[in-house]
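Let me begin by presenting the structure, written as structure tokens, before commenting on it.
The values are calculated or read from the model by the stated rules, or taken from the named source; none is laboratory data. Just so we're clear, the structure is a prediction, and the values are computed from it rather than from any experiment. Cβ atoms come from the backbone with ideal geometry, glycine included; neighbour counts cover every protein chain shown.
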Amino acid sequence: MLNHKSKQNPVLGFVLRLNYLLLIVAVGMSIHYTLFYSDAIYELVFYYAVTAILIGNSYIIKKSWITKQDVAQLKTQLEQKNMLLKEVHHRVKNNLQTVSSLLSIQSRGVDDENTKKLLKNSQRRVLTMAMIHEMLYKKDEHVELVPLAPYLQELSESLIASSNAKNSLDINLELNIPDVNLKVDTIISLGLIVNEIITNSIKYAFNPKEKGIIYLKIEQYTEDTYQLNIGDNGVGFSKDNSDKPSNSMGLKLIESLARQINGNIKKSFDLEENGTHYTLTFKDQ
């Protein structure tokens with residue numbers, strides 16, 4: 001009696017027995033089962049191997065096609081997003097420059113010096129923000145992030161160059177800024193803070209034709225935590241007033257902007273080197 005059972009695979013045993021009986025009927029002769037079993041095993045293994053290869057290849061090809069299609073689609077979406085953001089930054093920059101021009105025209109028609117100064121200060125702040133959007137518009141990628149070093153360098157140099165020409169000052173700028181990219185909201189607040197501090201130094205720290213230094217240094221402590229050190233070597237202010245809240249609009253604005261970036265700002269007076277110094281710890285979130 002034939003016994004072609006497979007404890008590991010009963011289906012395989014059934015198939016082998018069926019093939020054996022069919023072969024006997026067709027050929028009309030007895031075949032040694034051992035040889036038939038071995039041949040059947042080899043044929044079955046070969047069949048499964050070929051089938052597995054075909055299925056595997058078809059899966060890989062399909063997966064590869066889907067992956068390439070997804071990558072192409074994501075790339076297209078990213079390019080469209082960048083183009084849209086660049087267009088937004090371009091429009092914002094143009095609108096801010098229009099506001100700046102209106103403030104400039106308005107200031108020329110005002111006789112009161114205090115009012116004129118307020119309009120000029122507002123114009124300068126608007127241009128500080130416009131500079132950010134212009135830089136983002138010119139970027140080819142990652143238009144939601146702003147390179148910190150180029151922006152602060154351009155901003156600081158433009159402020160000092162303008163003051164040196166108008167006020168007969170000789171101010172040198174010392175910069176030490178890491179090569180990092182920060183979010184737009186962080187950069188706007190930080191840029192306005194730097195703008196206010198440098199402007200105050202230019203106005204109050206140095207006498208005409210006097211040589212001076214304004215420094216700006218930023219250190220990165222953690223992935224999203226930074227410290228800004230900025231100041232000058234000018235006449236400074238009284239130590240007794242260093243910890244008192246300021247009534248000036250500029251310093252109130254600095255404190256308000258610092259809170260927007262989870263910052264804590266401190267100002268100090270160096271008795272040995274003179275000058276006003278600010279330390280701001282902030283987060284890029």
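Once region 186-209 is narrowed to residues that are among the small types (Gly, Ala, Ser) and within 22 Å of residue 227 (Cα to Cα), the residue that is farthest from the chain's Cα centre (by Cα) is 201.
Of the residues that sit in region 218-241 and are under 19 Å from residue 202 (Cα atoms), surrounded by fewer than 16 Cβ atoms within 10 Å (Cβ to Cβ) and of a type outside the set (A, V, I, L, M, F, W, C), which one is modelled with the lowest pLDDT?
Here is the first cut: in region 218-241, the residues under 19 Å from residue 202 (Cα atoms) are 228-238.
So of that shortlist, the ones also surrounded by fewer than 16 Cβ atoms within 10 Å (Cβ to Cβ) come out as 229, 235, 238.
Checking the rest, the ones that are also of a type outside the set (A, V, I, L, M, F, W, C) come to 229, 238.
On the way: 229: 94, 238: 52.
Taking the candidates together, the pick is 238.
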